[in-house]
1. Quick one: Leu196 ticks every box in (1) surrounded by 14 or more Cβ atoms within 10 Å (Cβ to Cβ); (2) closer than 26 Å to Leu65 by Cβ; (3) without any contact (Cβ under 8 Å) to a residue 24 or more places away in the chain bar one, so which box is it?
2. Please find, among Trp178, Trp185, the residue that is within 15 Å of the ligand (Cβ to nearest atom) and under 23 Å from Leu258 (Cα atoms).
3. From the residues in region 216-229 that are small (Gly, Ala, Ser) and part of a loop (DSSP other than H, G, I, E, B), which one is nearest to Glu284 (Cα to Cα)?
4. Can you name the number of the only condition in (1) assigned to a loop (DSSP other than H, G, I, E, B); (2) surrounded by 13 or more Cβ atoms within 10 Å (Cβ to Cβ) that Val188 fails?
5. Regarding Asp143, is this residue part of a helix (DSSP H, G or I), away from the ligand (no atom under 13 Å from the Cβ), more than 15 Å from the chain's Cα centre (by Cα) and not aromatic (Phe, Trp, Tyr)?
6. Among the strands (runs of 3 or more DSSP E) lying completely within region 41-134, list those that include at least 2 residues that are closer than 16 Å to Met14 by Cβ, within 13 Å of the ligand (Cβ to nearest atom) and touching a residue at least 40 places away in the same chain (Cβ under 8 Å).
7. Taking into account only those residues within region 1-40 that are charged (D, E, K, R) and not in a helix (DSSP H, G or I), which is nearest to the ligand (Cβ to nearest atom)?
8. Residue by residue through region 30-40, note down the ones that are surrounded by 16 or more Cβ atoms within 10 Å (Cβ to Cβ) and out of contact with any strand residue (DSSP E or B) (no Cβ under 6 Å at 6 or more places or on another chain).
Amino acid sequence: STKQSVTVIGLGPMGQAMTGAFLDRGYDVTVWNRTASRADELVARGAVLAPTVEKALAANELVILSLTDYDAMYATLEPAAAALTGRILVNLSSDTPEKARAAASWAAERGAVQLTGGVTVPPSGIGQAESSTFYSGPRAVFDEHRAALQVITGRTDHRGEDPGLAALMYQIGMVMFWTSMLSYWQAVALADANGLAAADILPHAVETANSLPGFFSFYAERIDAGRHLGDVDRLAMGMASVEHVLHTNADAGVDTTLPAAVVELFRRGMDAGHAADSFSSVVELMKKAEA
Ligand code: NDP
């Protein structure tokens, strides 16, 4: 038959959403999950639950992996390694670029090809046209299976042959996501100590967050040019500001781990002689030291 088919291994919230998207598009979907009961709803919608990992791998050339991390992948696939020959493993489990590279070699040694993926949306974004996933690994394999990958997210961004690149782009997004979300928790804690609820500060928090892309764009060009001009902001001004932030949080009796870390980085910039430069000069202290 010409019907398209795919295997999905790992039925957390993401794997479940992916399986659902493939079923909605009329794919034959074989699934496997360590905890078999997580397949129940999908089987009711037409998915086939493979009794073993071997059978899940044998069912289709194209195998989507949606596991917690790469250790979970080894735990799942190692015992079934003989069934890996000829498989294309689209690994959408998140982990470090180094782990993604090692896994691509591991797969190749067993006759399989890994395409690394980094999905940038939560389960609700799976199957949506505007959602996007980073991929890296063999371009020809990516091109050949693009239609299936576009079922997962409508936009697909192949970054290059290096299997670590998709994981790197994912991690670049995640370092921003986690630290930014914690900056919001800090604001909520400060508000709470002053009798304000999260809902009370929501419009202000949203406006503040929405102002950030303009700063990214403004500084990107200057950073790449190595120009940290103090024409619109000076580190000395920033130093005073972040100390006000630290003291406001300390006075309120909330946790100061985050603002103290910011003060520490600004202090190092001041000590390095950047008082009259832009606060963007701090990025030079954060970059990998040149050999
Ligand atoms: P979960 O961690 O909830 O899914 C975990 C899946 O991995 C389950 O199927 C679980 O099986 C399986 N698993 C974990 N450890 C093992 C193991 N040792 N052996 C076998 N199976 C194992 O993750 P999500 O579905 O939320 O996400 C999947 C991946 O996608 C993760 O890497 C995540 O970082 C990434 N991601 C998640 C997003 C989100 O919003 N959720 C957004 C973007 C990326 P069992 O059911 O038996 O526990």
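The values are calculated or read from the model by the stated rules, or taken from the named source; none is laboratory data. Given the structure is predicted, the values throughout are model-derived calculations rather than measurements. As a convention, Cβ positions derive from the backbone with ideal geometry for all residues, glycine included, and neighbour counts pool all protein chains shown.
1. It fails just one condition, (2).
2. On the way: Trp185 fails: within 15 Å of the ligand (Cβ to nearest atom).
Criteria check complete, one pass: Trp178.
3. In the first step, residues of region 216-229 are kept if they are small (Gly, Ala, Ser); the result is 217, 220, 225-226.
Cutting the leftovers down to part of a loop (DSSP other than H, G, I, E, B) gives us 225-226.
On the way: Ala225: 12, Gly226: 9 Å.
In this case the residue turns out to be Gly226.
4. (1)
5. Values: part of a helix (DSSP H, G or I): yes; away from the ligand (no atom under 13 Å from the Cβ): yes; more than 15 Å from the chain's Cα centre (by Cα): yes; not aromatic (Phe, Trp, Tyr): yes.
The answer is yes for Asp143.
6. Numbers: elements: 62-65, 88-91, 113-119.
Of the strands (runs of 3 or more DSSP E) lying wholly inside region 41-134, those with at least 2 residues that are closer than 16 Å to Met14 by Cβ, within 13 Å of the ligand (Cβ to nearest atom) and touching a residue at least 40 places away in the same chain (Cβ under 8 Å) span 62-65, 113-119.
7. Of region 1-40, the ones charged (D, E, K, R) are 3, 24-25, 28, 34, 38, 40.
In the following step, the residues that additionally are not in a helix (DSSP H, G or I) were identified as 3, 25, 28, 34.
Numbers: Lys3: 26, Arg25: 20, Asp28: 20, Arg34: 3 Å.
Checking each candidate, the answer is Arg34.
8. Within region 30-40, the first condition is being surrounded by 16 or more Cβ atoms within 10 Å (Cβ to Cβ), and the residues that meet it are 30-33, 38-39.
Listed by number, the residues that qualify are Asn33, Arg38.
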